[in-house]
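The values are calculated or read from the model by the stated rules, or taken from the named source; none is laboratory data. Being a predicted model, the structure only gives us computed values, none of them experimental. Glycine also receives a Cβ, built like all others from the backbone with ideal geometry; neighbour counts cover every protein chain displayed.
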Amino acid sequence: MECVFGMVGKEFALVVADSSAVHSILVHKSNEDKIMLLDSHKLMGASGEPGDRAQFTEYVQKNVALYHFRNGIPLTTAAAANFTRGELATALRKEAEKKEKGQNEMEPNPYSVNIVLAGYDKGIGPSLYYIDYIATLHKVDKAAFGYGSYFSLAMMDRHYRKDMSVEEAIELVDKCIIEIRSRLVVAPPNFVIKIVDKDGAREYAWRESVKDALSVA
Amino acid sequence: MSIFEYNGSALVAMVGKNCFAIASDRRLGVQLQTVATDFQRIFKIHDKLFVGLSGLATDAQTLYQRLVFRHKLYQLREERDMKPETFASLVSAILYEKRFGPYFCQPVIAGLGDEDKPFICTMDSIGAKELAKDFVVAGTASESLYGACESMFKPDMEPEELFETISQALLSSVDRDCLSGWGGHVYVVTPTEVTERILKGRMD
């Protein structure tokens, strides 16, 4: 069960995602990075169908870079969020050819990806956007997707305050992760935490309870 | 669950004496889960025209962007703002365009027309207009809203009384609907000013 959540703190925003790559009952790997760095000051955590997740986030990342090349200045977080929503909304109703061979029928082919977009803009500060797979966009202080959201959102509702420091926010993230690990039936063992502030977007920490087995000696 | 009830919404517009009021709830949900409590459902098209969009949030956002686009083009060509009646016809046409793949939205349009005469209307998701002289409602709480408005409404109310009436009607209706609520957002529009107020109701 994929878990992605995020929150805004004082002059920073962070996104947390689980790192299990799952196919039916099999866990392919447990150190999959589901939070993409869109540019120096943006993070996009995504959950949903694995192919769509990787392809769509990469598509957004490359388009954000293209804008930067063409115009000389980077997109703001709000603009990137609206671009992402636009692409999801277009794909929602646009018809593509059905996969079955020999048929020329068309049906809509939406992306099944839920996104938490965090960014830091000079002059505006940190911001967090909730974008679900049917292209609902909303600017929020805390967001979560997946079954884990029932636990992380509840924990955040209880403990979140505006303008938390990094330490306080990480404490809250750890509380959420503990809750997910103990209460979700097929809880993912490992999580990655990424943070974005005025100095840029970067990986902050991993929370691993199961390390991938290295080659057997 | 119906696609119209996926996000949850409540909208109401009422006519007063040379003024109108339009109000919405503030909840954005995904079925049983509440995602946000400050979601904007009512949008200003111009100083004397407001549109509220209930139903699926993604379609409400897409439709709003299309309507703003069309109105801005109209303003450039005609060098004036759209009349509410014209705008309602525009919304109706845009919705019917998608007759066999509709936007899952029910708009509520409220404005001051010629000589500042208040105009309100609602339509279904494929553009069937419903003009009314007193009040119009939309959203998951619409049945409760019909009852509340019918009993509380009086014709020719002044802006302050209209605000009280629409607020009470909205809050009491959303309290009976689990998918809408978390406060209210009320706009009262007269020929000279627009007052925006946030209501605090049962936050659940």
Residues satisfying the stated conditions in the stretch A:77-115, i.e. in a strand (DSSP E or B) and buried (at least 24 other Cβ atoms within 10 Å of the Cβ): A:Val113, A:Asn114, A:Ile115
Checklist (1) touching a residue at least 24 places away in the same chain (Cβ under 8 Å); (2) more than 14 Å from chain A (Cβ to nearest Cβ); (3) outside any loop (DSSP other than H, G, I, E, B) applied to B:Thr62, failing item: (2)
Subset of the stretch A:144-203 [of a type in the set (Ser, Thr, Tyr) and within 14 Å of chain B (Cβ to nearest Cβ)]: A:Tyr147, A:Ser149, A:Tyr150, A:Ser152, A:Tyr160
Filtered residues of the stretch A:73-108 (kept if more than 29 Å from A:Gly119 (Cβ to Cβ) and free of Cβ contacts under 8 Å to residues at least 12 places away in the same chain): A:Glu97, A:Lys98, A:Lys99, A:Glu100, A:Lys101, A:Gly102, A:Gln103, A:Asn104, A:Glu105, A:Met106
When residues of the stretch B:4-31 are limited to those that are within 14 Å of chain A (Cβ to nearest Cβ) and assigned to a strand (DSSP E or B), the one nearest to the chain's Cα centre (by Cα): B:Leu28
Subset of the stretch A:1-18 (residues that are of a type in the set (A, V, I, L, M), under 13 Å from A:Leu153 (Cα atoms) and touching an Asp or Glu at 6+ places or on another chain (Cβ under 8 Å)): A:Val4, A:Met7
Those residues of the stretch A:134-162 which are assigned to a loop (DSSP other than H, G, I, E, B) and either modelled with pLDDT under 95 or more than 23 Å from A:Asp39 (Cβ to Cβ) (or both), in sequence order: A:Ile134, A:Thr136, A:Gly146, A:Tyr147, A:Tyr160, A:Arg161, A:Lys162
Any hit, the stretch A:42-55, residues being in a loop (DSSP other than H, G, I, E, B) and at pLDDT below 95: yes
Residue among B:Lys48, B:Lys83 that is among the basic types (Lys, Arg), touching a Pro at 6+ places or on another chain (Cβ under 9 Å), away from chain A (no Cβ under 13 Å) and surrounded by 15 or more Cβ atoms within 10 Å (Cβ to Cβ): B:Lys48
Residue in the stretch A:116-137 that is more than 18 Å from the chain's Cα centre (by Cα), under 25 Å from A:Gly200 (Cα atoms) and either within 12 Å of chain B (Cβ to nearest Cβ) or buried (at least 16 other Cβ atoms within 10 Å of the Cβ) (or both) present: yes
Where a residue in the stretch A:155-169 is under 11 Å from A:Glu11 (Cα atoms) and its partner, wherever it lies, is of a type in the set (Gly, Ala, Ser) and part of a loop (DSSP other than H, G, I, E, B), with Cβ under 8 Å and at least six apart: A:Asp163/A:Gly9; A:Met164/A:Gly9; A:Ser165/A:Gly9; A:Val166/A:Gly9
Filtered residue count, the stretch B:32-45, keeping only those that are of a type outside the set (A, V, I, L, M) and within 11 Å of chain A (Cβ to nearest Cβ): 6
Single condition A:Pro110 does not satisfy, out of (1) closer than 23 Å to B:Asn7 by Cα; (2) over 17 Å from the mean Cα position of the chain (by Cα); (3) more than 12 Å from chain B (Cβ to nearest Cβ); (4) not hydrophobic (A, V, I, L, M, F, W, C): (3)
So A:Val173, is it assigned to a strand (DSSP E or B), β-branched (Val, Ile, Thr) and surrounded by 16 or more Cβ atoms within 10 Å (Cβ to Cβ): no
Residue within the stretch A:79-96 that is in contact with a Pro (Cβ under 8 Å, 6 or more places away or on another chain), acidic (Asp, Glu) and either within 14 Å of chain B (Cβ to nearest Cβ) or farther than 19 Å from B:Thr58 by Cβ (or both) present: yes
